[in-house]
């Protein structure tokens with residue numbers, strides 16, 4: 001019987017250094033809703049797992065080509081308590097750029113955009129992309 005791998009849990013304001021062992025996660029419905037399990041090695045080389053939320057998974061899949069990459073993930077929070085993620089590689093922030101999302105929000109008349117507005121729109125776009133993919137038999141376009 002295989003031993004269960006230790007789960008890395010993200011704490012707000014604390015970054016975690018990981019090396020991904022696969023490009024894609026195993027998804028499941030867990031105690032906290034839909035989760036995405038990634039195999040990782042911690043900075044000491046120990047095999048562990050992380051359970052990513054849909055939001056974090058969307059960011060990781062946007063970054064892509066995860067296998068073998070050493071990333072640093074930090075969970076942060078807005079003033080209103082909404083979580084968001086910052087992903088770094090070799091000390092450089094590689095979190096997908098929000099400038100396009102900010103432009104869309106401006107075009108729709110949203111002024112004083114907050115990180116929550118941006119995260120909300122990104123999740124809506126992700127949901128739409130997933131719906132289109134399902135309608136097209138697993139293909140996005």
Over region 7-20, the set of residues surrounded by fewer than 18 Cβ atoms within 10 Å (Cβ to Cβ) and in contact (Cβ under 8 Å) with a residue 60 or more places away in the chain is 11, 12, 13, 14, 15
Filtering region 11-31 down to residues that are assigned to a loop (DSSP other than H, G, I, E, B) and within 17 Å of residue 46 (Cβ to Cβ) yields 21, 22
Selection over region 94-113 where residues are over 14 Å from the mean Cα position of the chain (by Cα), under 21 Å from residue 77 (Cβ atoms) and either modelled with pLDDT of 75 or more or in a helix (DSSP H, G or I) (or both) yields a count of 3
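Taking region 58-75, which residues are at negative phi and at pLDDT below 90?
58, 59, 61, 62, 63
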Listed by first then second residue, the pairs whose first member lies in region 34-60 and is in contact (Cβ under 8 Å) with a residue 60 or more places away in the chain, whose partner is buried (at least 18 other Cβ atoms within 10 Å of the Cβ) and assigned to a strand (DSSP E or B), with beta carbons under 8 Å and at least 6 positions apart or on separate chains, are 54/36; 55/84; 55/85
Expected output for region 83-103 (first residue within 14 Å of residue 16 (Cα to Cα), partner part of a strand (DSSP E or B) and modelled with pLDDT under 85, Cβ below 9 Å, 6+ apart or cross-chain) is none
Filter pass, residue 58 being in a helix (DSSP H, G or I) and crowded, with 16+ Cβ neighbours inside 10 Å = yes
Fill in: Flag if residue 23 is surrounded by 14 or more Cβ atoms within 10 Å (Cβ to Cβ), at pLDDT below 95 and either assigned by TED's automatic domain parsing to the domain that holds residue 117 or over 12 Å from the mean Cα position of the chain (by Cα) (or both)
yes
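The values are calculated or read from the model by the stated rules, or taken from the named source; none is laboratory data. Fair warning: this is a prediction, and the values are worked out from it, not measured in the lab. FYI the Cβ positions are ideal-geometry reconstructions off the backbone, even for glycines, and counts take in every protein chain you see.
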